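Once you've had a glance at the structure underneath, I'll fire off some questions.
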Amino acid sequence: MENLPVLKFFADFIEAELGIIYVEANYYQLEHRLKNIATQLGFADLTELHRSARSGIVGQLRTLLLDIATNNETSFFRDGAIFKALSEAIIPELIKSDKKRSIDLWSAASSAGQEVYSIAMEIDQARKLNPAIPPLHILASDVSETILKRAETGSYTQLEVQRGLPARLMVQYFDKNDQDEWVVKGNLREGLTFKKLNLLHDWKNIGPFDIVFCRNVLIYQGVENKTKIIKKIWNNLNPGGFLVLGAAESLFGLSQDFDQIVHGSAVFYRKKAS
Ligand SMILES: C[S@@+](CC[C@H](N)C(=O)[O-])C[C@H]1O[C@@H](n2cnc3c(N)ncnc32)[C@H](O)[C@@H]1O
């Protein structure tokens, strides 16, 4: 492959920045994506892109590189059982154990926002049955600036809302705009904050949280990074706080600092006392 050193340069950047490894078998895919970036930024070819990148990967180039390396697959109420567990088990447990003034939740890889708005809808519905549920504060974070901006707009195509959003909730919480997109209503955005955050970096000045959703992002990491991230989450959880992973993920071999809890077909974790 003629561009091998150039591709390796960008693959090394992606691995250092995100912990995501591009094996050589996937360099064709990387090359295709880098060529698109070169065109977008007005470079004649990959060699020119590389020349510019060697003097620093910053600004739009950095944003675009992180975008091509991340998988943003998500949907409303993805793996639905966990949202029932949230309203039926996690929230009741939290408000039982403490006179809470707010519920502080972190969605640590929020992608285009379907996860956070699903959480907000689930809790809002639960509050209609139990007005004692305190206000919800959600921090939504992602490493990709582009996807985070999308999450903040809270607007979704017909195809996106058809993936998991029940019609009764769509009419209750979304308005249709003149581009035929469904836009989250203002009341669902109350208490919501967005922040660019790389789970591999040190994160400061966030938390502590009662609940952390860290779903379908650790799968891209090696054991060492996963273990470090879980430890940092533990440090940012209140005593007795909850951790939710993706349906295909577990803490097995990563941490013994949590108790595993099963509710229906959902599995989640609770911080053990230190
Ligand atoms: C597959 S999506 C999962 C979205 C949502 N949590 C869900 O389960 O539907 C993974 C998200 O993790 C983000 N991501 C990947 N590496 C990350 C990192 N090191 N720090 C923070 N976010 C990261 C990606 O940008 C992407 O939006």
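How would Ser111, Ser102 line up from fewest to most surrounding beta-carbon atoms within 10 angstrom? Before the final figure, lay out the partial values.
Numbers: Ser111 25, Ser102 11.
Fewest to most other Cβ atoms nearby, the residues stand as Ser102, Ser111.
Could you tell me how many degrees, from 0 to 90 and to the nearest 10, lie between the Cα long axis of helix 27-40 and the main elongation axis, the longest principal axis, of the Cα atoms of the chain?
90 degrees
Lysines within cross-link reach of Lys231: Cα-Cα under 24 Å, excluding same-chain residues under 8 positions apart?
Lys195, Lys196, Lys204, Lys271, Lys272
Multiply the residue separation of Lys204 and Lys8 by 0.36 nm, subtract the distance between their alpha-carbon atoms, and state the gained length in nm to one decimal.
Details: separation 196, 0.36 × 196 = 70.56 nm, distance 3.17 nm.
Taking Lys204 through Lys8 to full extension adds about 67.4 nm, to one decimal.
Give me the distance between the Cα centres of region 112-159 and region 178-219, rounded to whole Å.
7 Å
Still on this structure: Looking at region 176-254 from every direction and averaging, what is the projected area of its Cα convex hull in nm²? Numbers along the way, then the final one.
On the way: hull surface 30.3 nm².
The orientation-averaged projected area of the Cα hull of region 176-254 comes to 7.6 nm².
Pull up the cross-link candidates among the lysines for Lys185, meaning alpha carbon to alpha carbon under 18 Å and not fewer than 8 places away within one chain.
Cα-Cα hits under 18 Å: Lys128, Lys149, Lys176.
Quick check on the exposure proxy: order Asp175, Asp67, Asp210, Asp202 from fewest to most C-beta atoms within 10 angstrom. Provide the component values of the computation, followed by the final result.
Details: Asp175 12, Asp67 16, Asp210 26, Asp202 6.
Placing the least packed residue first, the sequence is Asp202, Asp175, Asp67, Asp210.
How about Lys35: which lysines have a C-alpha closer than 21 Å to its C-alpha, ignoring those fewer than 8 places off in the same chain?
Within the straight-line cut-off, Lys35 pairs with Lys8.
What area, in nm² and to one decimal, does the C-alpha convex hull of the chain cast on average over all directions?
Details: hull surface 65.0 nm².
Average of the hull's projected areas for the chain equals 16.2 nm².
I'd like the projected area of region 4-69, averaged over all directions, using the convex hull of its alpha carbons. Report it in nm² with one decimal. Working shown, then result.
Numbers: hull surface 15.4 nm².
Taking a quarter of the hull surface, the average projection is 3.9 nm².
FYI, it's all coordinate maths here, none of it is from the lab. The structure displayed is predicted, hence computed values, not measured ones. All Cβ positions, glycine included, derive from the backbone under ideal geometry; neighbour counts span all protein chains shown.
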